[in-house]
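Each remark here refers to the structure printed beneath this line.
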Amino acid sequence: MSGARVGAVRTLRVPGRHGYAAEFSPYLPGRLACAAAQHYGIAGCGTLLILDQNESGLRLFRSFDWNDGLFDVTWSENNEHILVTCSGDGSLQLWDTAKAAGPLQVYKEHTQEVYSVDWSQTRGEQLVVSGSWDQTVKLWDPTVGKSLCTFRGHESVIYSTIWSPHIPGCFASASGDQTLRIWDVKSTGVRIVVPAHQAEILSCDWCKYNENLLVTGAVDCSLRGWDLRNIRQPVFELLGHTYAIRRVKFSPFHASVLASCSYDFTVRFWNFSKPDPLLETVEHHTEFTCGLDLSLQSPTQVADCAWDETIKIYDPVCLTMPA
């Protein structure tokens, strides 16, 4: 595994591993986790990669192997060493980066691939949601060996589950059934169903600055913004990607900026408040770009990973310029 600095892009090549998800540590500046799989996630094992940045580039701090592909990763919100990943074998894994071996615990209840996992940002709570191809969302407390609750209602594969950064106990899910759904842990029934696209929805995210605003990214190549107070039509639509949108993330620093990555190999940056919303297109991958995150510590820093066996950290021009 080699790390090189090319211009303002730090790259780590991970031979034989295809990146599915990347997430910056909420605690340690420059630390990044990446969930990856062999053979494009179709067969083989998975690897959790923990990376650190330094002046010379990216270095691998630690890696953990699992016996099936790893599709998503989320950092603990109350312990800088703890992460959860999810896998093609239907399980979630709890890891400790301070220990060379792992996992500390395995949670196996989903009956098909688990494609999404997210740790709640609400202080005082230790809650994780997972979304699976078995059409269910499960709620977990990592200190408890079994799930606390199962949410049913989606009629196809669940690709994305994300906690509200504003409302405790509230999360969103996006599915192959073409809907975005809003749930509350206090009631197992769905609160809001948004028929968001006429295509499979692979990703959703919650705006950090507006508790009613979410974005969805779909196989129809579009991003759509949704105001939960009026879901009849999107509040914005962003067009430009030429293949399915795999992941979308709102900026933690700019209220109307978001980023998306796609099977068209690009990462695109948008400001949905502008008449010409596309800010920048980054084309530095040669395969499906699946993982994407925006740093919580540096307003300009972005990480992504792709099926071309590379993980990259960089500062897109549009984030280094005044808005």
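List of remarks:
- Selected residue (criterion: farthest from the chain's Cα centre (by Cα)) from residues of region 285-302 that are farther than 23 Å from TYR27 by Cα and assigned to a loop (DSSP other than H, G, I, E, B): THR286
- A residue that is within 22 Å of LEU223 (Cβ to Cβ), open to solvent by less than 10 Å² (accessible area, probe 1.4 Å), of a type in the set (D, E, K, R) and in contact with a Phe, Trp or Tyr (Cβ under 6 Å, 6 or more places away or on another chain) occurs somewhere in region 192-208.
- Matching option when the condition is in contact (Cβ under 8 Å) with a residue 40 or more places away in the chain, open to solvent by 10 Å² or more (accessible area, probe 1.4 Å) and not acidic (Asp, Glu), among ARG31, ARG59: ARG59
- Scanning region 235-251 for residues being free of Cβ contacts under 8 Å to residues at least 40 places away in the same chain, part of a loop (DSSP other than H, G, I, E, B) and more than 20 Å from HIS166 (Cβ to Cβ) gives a total of 3.
- Single unsatisfied condition, THR85 versus (1) part of a strand (DSSP E or B); (2) of a type in the set (Ser, Thr, Tyr); (3) touching a Lys or Arg at 6+ places or on another chain (Cβ under 9 Å); (4) surrounded by 18 or more Cβ atoms within 10 Å (Cβ to Cβ): (3)
- Filter result for the condition that a residue is open to solvent by 20 Å² or more (accessible area, probe 1.4 Å), under 16 Å from the mean Cα position of the chain (by Cα) and farther than 22 Å from SER63 by Cβ, over GLN121, GLN126: GLN121
- Residues in region 311-322 that are more than 18 Å from the chain's Cα centre (by Cα), under 20 Å from TYR27 (Cα atoms) and open to solvent by less than 20 Å² (accessible area, probe 1.4 Å): none.
- Test for LEU214: is it in contact with a strand residue (DSSP E or B) (Cβ under 9 Å, 6 or more places away or on another chain), within 21 Å of SER273 (Cβ to Cβ) and surrounded by fewer than 24 Cβ atoms within 10 Å (Cβ to Cβ): no
- Contact annotation: residue pairs with Cβ atoms under 6 Å, 6 or more positions apart or on different chains, pairing a residue in region 1-27 that is farther than 23 Å from SER87 by Cα and among the polar types (S, T, N, Q) with a partner that is at pLDDT 90 or above and open to solvent by 40 Å² or more (accessible area, probe 1.4 Å), are SER2/ARG13.
- Of all the listed residues (ASP308, ASP276, ASP293, ASP304), the sole one being free of Cβ contacts under 8 Å to residues at least 12 places away in the same chain and either open to solvent by 10 Å² or more (accessible area, probe 1.4 Å) or within 25 Å of ALA37 (Cα to Cα) (or both) is ASP276.
- Hey, LEU51 surrounded by 17 or more Cβ atoms within 10 Å (Cβ to Cβ), within 16 Å of GLY131 (Cβ to Cβ) and of a type outside the set (Lys, Arg) or not: no
- Only listed residue being under 15 Å from the mean Cα position of the chain (by Cα), open to solvent by less than 30 Å² (accessible area, probe 1.4 Å) and of a type in the set (A, V, I, L, M, F, W, C), chosen from VAL248, VAL257, VAL282: VAL248
- Some residue of region 94-115 being touching a helix residue (DSSP H, G or I) at 6+ places or on another chain (Cβ under 7 Å) and either of a type in the set (Val, Ile, Thr) or more than 16 Å from PHE24 (Cβ to Cβ) (or both): no
The values are calculated or read from the model by the stated rules, or taken from the named source; none is laboratory data. If you're wondering where the values come from, they're calculated on a predicted model, not measured in any experiment. Reconstructed Cβ throughout: ideal geometry from the backbone, glycine too, with neighbour counts over all protein chains shown. Side chains are part of the model used for accessible areas, which takes the heavy atoms of the whole protein and leaves out ligands, DNA and RNA. Shrake-Rupley method; radii C 1.70, N 1.55, O 1.52, S 1.80 Å.
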